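Asks: Following this message is one structure expressed as structure tokens.
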């Protein structure tokens, strides 16, 4: 290529100079921007049509499903049954054996006041920051204890019997619109 034409030439013409331009690679690279623009435009139009179709269909479904209304309010008798003035007494929990096992601090031997607890002794007790004598830990968790003049644990309210209260199903079951058998036959 002549030196004065190099600055005005296309980069593809410079790359494919002296090569077979009819082979196909030159044509693909030359029309690349046009093909990408066309495919992007078709994709965007398809997405817009899909969104419009879905929004129109859901709008129709919402209008047709507003027929069902359920009243979830309780009658006065049911409310009186549910509220019981007395609260159950919590059983007194027995203490569980705990051993102080804090993370070790590396110090010189002369500053050690108490050696750490042996691992074998920790098998039948819980780990804590202080030693407490009590029952061997069997894995059960004690019920919470009520602290007087505190609202840490309030009294538990229990209903007289749960079976006496009516059961209202709030969920709406899914239904297939149309004939399920014909749909499966058609799709298979």
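Asks: Label points 7 Å out from Cα along the Cβ direction at residue 31 and residue 114: separation in nm?
Replies: Each label point lies 7 Å from its Cα, and together they span 8.8 nm.
Asks: Extension gain residue 165-residue 5, at 0.36 nm per residue separation less the Cα-Cα distance, in nm?
Replies: 48.3 nm
Every number here is computed from the coordinates shown, using simple stated rules; none is lab data. Note that the structure is predicted; figures quoted are calculated from it, not measured. Here Cβ is always computed from backbone atoms with ideal geometry, including for glycine, and neighbour counts include all displayed protein chains.
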